[in-house]
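In what follows, a single structure is set out as structure tokens and then discussed.
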Protein chains: 2
Amino acid sequence: MLSTVRCRLSSWRLLSSISSTTSSTIKYSTLPELTKDRYPNVRRSDYSIIKSNHLEFFKDLLGEHRLITDENECLAYNTDWIKANRGYSSCVLKPKSTEEVCSILKFCYDNNLAVCPQGGNTGLVGGSVPVFDEVILSMSLMNKIISLDETAGILTCEAGCVLENLDNYLAERELMMPLDLGAKGSCQIGGNVATNAGGLRLLRYGNLQGNVLGLEAVTPNGRVVDCLSALKKDNTGLHLKHLYIGTEGSLGVVTKVCIKCPPKPKAVNLAFLGLNSFENILKVFKKSRHELGEILSSCEAIDADSLAVTTEHLKLKSPLDKFPFYMLIETHGSDNTHDEEKLNRFLGKVMEDGSVLDGIATNEPSKMKDIWDLRERITEGYLHDGYVFKYDLSLPLEHFYSLVPIMKDRVGRDAIRISGYGHIGDGNVHLSICVKEFSTEVLNKIEPFIYEYTSKLKGSISAEHGIGFRKTNYVHYSKSQEAIDIMTNIKCIMDPKGILNPYKVYPPSRRWSNFK
Amino acid sequence: MLSTVRCRLSSWRLLSSISSTTSSTIKYSTLPELTKDRYPNVRRSDYSIIKSNHLEFFKDLLGEHRLITDENECLAYNTDWIKANRGYSSCVLKPKSTEEVCSILKFCYDNNLAVCPQGGNTGLVGGSVPVFDEVILSMSLMNKIISLDETAGILTCEAGCVLENLDNYLAERELMMPLDLGAKGSCQIGGNVATNAGGLRLLRYGNLQGNVLGLEAVTPNGRVVDCLSALKKDNTGLHLKHLYIGTEGSLGVVTKVCIKCPPKPKAVNLAFLGLNSFENILKVFKKSRHELGEILSSCEAIDADSLAVTTEHLKLKSPLDKFPFYMLIETHGSDNTHDEEKLNRFLGKVMEDGSVLDGIATNEPSKMKDIWDLRERITEGYLHDGYVFKYDLSLPLEHFYSLVPIMKDRVGRDAIRISGYGHIGDGNVHLSICVKEFSTEVLNKIEPFIYEYTSKLKGSISAEHGIGFRKTNYVHYSKSQEAIDIMTNIKCIMDPKGILNPYKVYPPSRRWSNFK
């Protein structure tokens, strides 16, 4: 029976007062400007324009219900959920099998039609929606679980399975997905793989490059690449799956995934802490690695302004008073008595040395969910502010929070809110700069400065969100010329006509001179 | 203070009687046949033959002590340690910096000289020695540690660092390498990365594809690919490091590695168990995942004949009586009281249900080392028997041991010994068929049958050893035609003259028709 952890120091309070909230409704009252108008420097390449004979082919292949051409129906597939990008495709295709994906891609390749593969469309860099009129290949109907080896913990499924559905399926069998992210209710495993999604527990369970055992993908000209190995070890030549993990659908379309699933923890505990400085966050993180060792499953940092978007806009209730910073520290283990003992020992130490000012800890599922909501729904909360310039950076730990005060100086009153939160355990900060509406002037105050700053510190200009459409001009801040040359060469041989997810991932100068 | 774990059941015995052994000397009295003579079907491609002007260039670059041309001195670099392959290179180069590697490769590329990169030369598939007269590029002098971030646990070092040296360096700083293997005293981290080495604790700490954060490599024509990122998350286009992890030096030479290092466990416990059937091994493995959860760090299976090579040839002493099968189960944790409790509970259960017949458990370092030697020195012990046909297969768990009885039937009296052991936690079996001396007749009884069998079960014909020279004819048993096409295309654009580690990794038909 789970219960609330009683902490040993008097300043610790038992969690009791967080009330559950209903999901808030996001207003989509204003449509974002078309991407082609917002970014007039990006020119449509000479792909074919979709015509009735193309649509006839698709209709014959998929039937009329899995071909969407109605402008209103297409809108949701054309627009990304943070209202930053919008294409104007008039053709959405919803295959149900690898064979159908092959037929679609072969046809598009032969007819020089550009294709935008789309999973749950939860991306944050414009990678999952068309830039112009690319055919949208929605994977949402490829959502079958193929097999599960319960002893070894190996799941094989189609690419369109929603992450949360997979996790629920596994939970009934004492297993779990090795990744978890805020968008889990919508994002699809194929999209997760294509973008190498990181998420909340990478610290403990590792990245997809380590957890994806195999995958099946379809080449731009419609051939199946079967690397759907369910083996933990397989050193037989090039590890081709890595050509598809994190390449954002630019080299092939992921159709099936085989993934390693760890046992579901028998004990989960969550602490929510209030701190007065970023320095103390670093201290507490270091201590948590040492004291919690193998049971530490997540270590997140949130600043006051980030928390405020969930308490103000989404009406979530924080169980703590106001502090400049907060941390979520979660443990996953196999023996609750042992885990509570470790957690209490750790919490006692960080309270005693003054690095934590207040906190609560619980292992009651509904209360843990309420706390996690405070962290996971920040992105959603921000949508209520207006337009958000979002950045997802990896920085050396000591510089994790440095950009927030710098950006406050640079952008000043133009911003409604500037805040930082993220995965301190992975050195991955999410920086949000919120303005009333999109403004090139503000954008120019932020970019390219923010990338130059990150590059100087040998950070990454995109820790987990990818390059997509919106960061293609900045790849060189994280990749050397030689690396960009190799990237481009591989794109050229794997997609010589450049039909897959064009205008994305690769630097424009390279993209257009080499393919298309 | 570490102590011996007292088990709760009377049949458990305290470990006390394993005596340390000194390292045995391996006899190299007979040199293996030259590879070119043993495999007459493999023809030397039209690379240049090394001449005095080439040697002059190398001497000017490296000085006379880092250029080896003496035939006897070259012998150790030409021969692999299991005495299965021998090349006849007359030129070994020992660069000390990335710049020197660049100069060497550029020169070889311009002069059409083939190159065999070499780490610790502990490979088991002939990948680390020349087939003919390829220039040997020994990385052993590039052995400097560049930096260590102790808070984040991130090590950056040169490729020639010996794995054990790195582990010792980290141990003093409460960290550890995420991989460990029998050859750790000789193998180099660059070679580990190039072969995607798995080893004894992959089950717990994951594979190199997940643990290598970044690397630096040199292209065949001498350009530096700087992907030496020290970031846990970096989604900025293609993840180029994966072109070098596990591709056995065929696309570039790894010169520097940045790797994630977990905290050194505060508590380590090891159990050595005797069992009467393979079915019970599976039962105990499943139970260990469930009962030991997050602290399980290794789960190994050994059959009686495998153990015998270490007790008979290396005079190691087993702490248990004779059983048909043995298991090693190790835990890594942060609290010894908790870990002992979990281990005792687990051991109690598997004794009680009869799946384990006898066993010992200890956390005394010297005694743990003695037990690990019984497992880690099997390969070495086998060298005393004669010639070993070694196979390294991934198979579905239920078929893990099935090839041992099948091979006993097929090879019969021609073999001195046929045995299986390996990483049950990873589904990776090492099968050894020992004969007095190499025999094509025996080889034909084994191959291609063993690969066909593995392929039918959707296993891997090389779980962790790689393809090297000796498995190139069998790649198609684990890779589809489409996958082989992509592999070959990538090799063609990344090494158009095919100078890097030729005659290896790629299927011969593809290799020679496309490059060289």
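The values are calculated or read from the model by the stated rules, or taken from the named source; none is laboratory data. Fair warning: this is a prediction, and the values are worked out from it, not measured in the lab. When we count neighbours, we look across all protein chains shown, and the Cβ atoms used for this are built from the backbone with ideal geometry, even at glycine.
Results, tabulated for the structure shown:
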item: Candidate set from region B:127-175 (those that are within 14 Å of chain A (Cβ to nearest Cβ) and of a type in the set (A, V, I, L, M, F, W, C)); member that is surrounded by the fewest Cβ atoms within 10 Å (Cβ to Cβ); result: B:Ile146
item: Count - residues of region A:389-407 that are within 14 Å of chain B (Cβ to nearest Cβ) and assigned to a helix (DSSP H, G or I); result: 3
item: For A:Ile461: the one exception among (1) in contact with a Cys (Cβ under 9 Å, 6 or more places away or on another chain); (2) buried (at least 22 other Cβ atoms within 10 Å of the Cβ); result: (1)
item: Boolean, A:Arg410 is among the charged types (D, E, K, R), farther than 30 Å from A:Arg223 by Cβ, in a loop (DSSP other than H, G, I, E, B) and more than 10 Å from every other protein chain (Cβ to nearest Cβ); result: no
item: Hits in region A:261-276 (condition: polar (S, T, N, Q) and either modelled with pLDDT under 95 or buried (at least 20 other Cβ atoms within 10 Å of the Cβ) (or both)); result: A:Asn269
item: In region A:470-487, the residues that are over 24 Å from the mean Cα position of the chain (by Cα) and more than 8 Å from chain B (Cβ to nearest Cβ); result: A:Gln481, A:Asp485
item: Of all residues making up region B:389-418, the number that are surrounded by 21 or more Cβ atoms within 10 Å (Cβ to Cβ), over 24 Å from B:Gly468 (Cα atoms) and of a type outside the set (A, V, I, L, M, F, W, C); result: 1
item: Matching residues, region B:267-299, being away from chain A (no Cβ under 14 Å) and either touching an Asp or Glu at 6+ places or on another chain (Cβ under 6 Å) or not hydrophobic (A, V, I, L, M, F, W, C) (or both); result: B:Leu270, B:Gly274, B:Asn276, B:Ser277, B:Asn280
item: Hits in region A:449-469 (condition: within 21 Å of A:Tyr421 (Cα to Cα) and either within 7 Å of chain B (Cβ to nearest Cβ) or not in a helix (DSSP H, G or I) (or both)); result: A:Leu457, A:Lys458, A:Gly459, A:Ser460, A:Ile461, A:Ser462, A:Ala463, A:Glu464, A:His465, A:Gly466, A:Ile467
item: Residues located in region A:435-448, provided they are closer than 24 Å to A:Thr122 by Cα and not in a helix (DSSP H, G or I); result: A:Val435, A:Lys436, A:Glu437, A:Phe438, A:Ser439, A:Glu447
item: Qualifying strands (runs of 3 or more DSSP E) (wholly inside region B:277-388; at least 3 residues being over 24 Å from the mean Cα position of the chain (by Cα) and buried (at least 22 other Cβ atoms within 10 Å of the Cβ)); result: B:358-362
item: A:Asn221 being free of Cβ contacts under 8 Å to residues at least 40 places away in the same chain and of a type in the set (S, T, N, Q); result: no
item: Any hit, region A:391-406, residues being without any contact (Cβ under 8 Å) to a residue 24 or more places away in the chain and either of a type outside the set (Lys, Arg) or within 27 Å of A:Trp81 (Cβ to Cβ) (or both); result: yes
item: Those residues of region B:333-352 which are in contact (Cβ under 8 Å) with a residue 12 or more places away in the chain and of a type in the set (Asp, Glu), in sequence order; result: B:Asp335, B:Asp339, B:Glu340, B:Glu352
item: Search result, residues across region A:204-226 that are within 7 Å of another protein chain (Cβ to nearest Cβ), within 21 Å of B:Ile461 (Cα to Cα) and touching a Ser or Thr at 6+ places or on another chain (Cβ under 8 Å); result: A:Val225, A:Asp226
item: Enumeration of residues in region B:231-244 that are more than 7 Å from chain A (Cβ to nearest Cβ) and in a loop (DSSP other than H, G, I, E, B); result: B:Tyr244
item: Any hit, region A:472-480, residues being outside any helix (DSSP H, G or I), among the small types (Gly, Ala, Ser) and closer than 25 Å to A:Tyr387 by Cα; result: no
item: Pair list, Cβ < 7 Å and 6+ apart or interchain, from region B:241-262 residues that are closer than 18 Å to B:Val115 by Cα to residues that are charged (D, E, K, R) and in a strand (DSSP E or B); result: B:Thr255/B:Glu158; B:Thr255/B:Glu216
item: Single residue of region B:419-430 satisfying the filter (away from chain A (no Cβ under 14 Å) and surrounded by 24 or more Cβ atoms within 10 Å (Cβ to Cβ)) that is nearest to the chain's Cα centre (by Cα); result: B:Tyr421
item: Some residue of region A:80-99 being surrounded by fewer than 21 Cβ atoms within 10 Å (Cβ to Cβ), among the acidic types (Asp, Glu) and under 21 Å from A:Lys144 (Cβ atoms); result: yes
